[in-house]
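Okay, structure first, notes after.
The values are calculated or read from the model by the stated rules, or taken from the named source; none is laboratory data. For clarity, every value in this text was computed on a predicted model and none was experimentally measured. Using ideal geometry, Cβ is built from the backbone for each residue, glycine included, and neighbour counts are taken over all protein chains shown. With ligands, DNA and RNA removed, areas are computed over all heavy atoms of the protein, side chains included. Shrake-Rupley method; radii C 1.70, N 1.55, O 1.52, S 1.80 Å.
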Amino acid sequence: MQTTKKKIVFIVNPISGTKSKEGLKALIDDIIDKERFECAIVRTEYAGHASVIASQCVADGTDICVAVGGDGTVNEVARSLVHSQTALGIIPCGSGNGLARHLCLPMDMKGALEIINMGETDHFDYGVINDQPFFCTCGMGFDAFVSLKFAESGKRGLATYVENVLKEGLTYQPDTYTVKDESGLHHYKAFLIACANAAQYGNNAYIAPGASMQDGLLDVIVMEPFNVFEASTIAVDLFSKTLNNNSHIKRFQSRQIHIHRERPGAVHFDGDPINMEKEIDVKIIPLGLLAVVNPKAVEDSAQPNKVVDKISNVVNKIII
C-alpha cells in the first residue's frame, strides 16, 4: 500500500544572509528521503514575497515550509504559518540566525537538512508588537537603534555588531518609559527595553538567558543607564549568558505589556527596524507556531571564551 508523501517547500531568498545557497538542490536530492517527501524550491523575487509564498503553502496543505535565508526571511515565512498545520523549517544562512540558534539547529546547510529530513515538530509561542509578529525578540531604545545601524552597515557578523553596540553606546541617551503589566504601572529611565520570546537576538547574544518559547510568557528586560567603563562588561555579559547577573538589568515576565514612551521612534522585531508611535503593545501568543525541531538538540556552549576574546579585541580598538 502506497503512503502519501509529505510535501516540503524550500523558500530561498537569493540575496539575504551571508552564506551561499549554491548546492542546495544537490544536497536536498542527497539528504531528503524521496520515499517520504516531495520537495520543491521557490525563490523570492521581491521584499515580502516569502510571506506570499508561505501563505500559499498553507493554502495548499504543505507539510513543511523551509525558510532559507537570514532572520528577516525566517520572520517573513513564520508569520504566514502561525495557527496552521504547516511547520516552519529553517536553513540558517544569515549572520544572526537567532531562532535557529535558540532551537539548537545546525548552522550548516547539510546538518539543517538532516534535521528537516527527520520531520519532528513541536509547537512554540510567538510574540506581537503592535501588529508585527516576532519570534525571537523585539525592543526599543538603544536595542532598536543598534538594529538600525547594523542594518545600514555593509558588514555582518559578531565584530560588527559589538562595534556598533560600543561605539553608539558611548553617546546614546536613555529615554523615560511607563510600562503597564499585570502587576500595575512601572516607570523606568532606560537604555533599552527588550521583550524576548527566545533567549537571544542572534549571533549568540543572549539578551534573556533562560527564556523559553513554550511558557506563554514574555521575558521583559530593562537595561538601565551605564557609563563608558561599564559598557564592555555589559557586552561580555551579553555574549556569556550572564546578563541576568548585571546590576543594570531588571527582568520580569508577563503575558502582555503596554509601553508609553516620550516620543515616536524606532523599534525592532527580530532585528528588523521600523518606526512606531509612542504607544506600544506587546503580547505573547502561546503555542501558535509549529516548527521543525532537532530531536538531538544540544546547545553549543563551547564558544564563550572565543566570543569574549573577540569582544575584548573590539573593546580595545574602540576605547583604548
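Structural remarks
- Centroid-to-centroid separation of region 174-244 and region 43-67 [C-alpha atoms, Å]: 32 Å
- Extension gain for Lys180 to Phe252 (0.36 nm times residue separation, less C-alpha to C-alpha distance): 24.7 nm.
- Pairs exceeding 18 Å between alpha-carbon atoms, taken from Lys6/Lys34; Lys21/Lys296; Lys5/Lys34: Lys21/Lys296.
- With the convex hull drawn around the C-alpha atoms of region 234-300, the volume per residue stands at 170 Å³.
- Rounded to the nearest 10 Å², the accessible area of Val52 at probe 1.4 Å: 80 Å²
- Three-way shape label, region 168-300, alpha-carbon gyration tensor, a/c 1.5: oblate
- Simple spin-label estimate for Arg36 and Val228 gives 5.7 nm between the two label positions (7 Å along the Cα-to-Cβ direction from each Cα).
- Extension gain from Lys5 to Lys296, taking 0.36 nm per residue of separation minus the Cα-Cα distance: 102.3 nm
- Rounded if a/c under 1.5, otherwise prolate or oblate - region 180-240, Cα gyration tensor axes: oblate
- Note on Glu45: accessible area is roughly 150 Å² with a 1.4 Å probe, heavy atoms of protein only.
- Evaluated at q = 0.12, 0.21 Å⁻¹, a Debye calculation over the C-alpha positions of region 1-97 (equal weights, vacuum) places log10 I(q)/I(0) at -0.35, -1.03.
- Surface/4 of the Cα convex hull for region 27-69, nm²: 3.5 nm²
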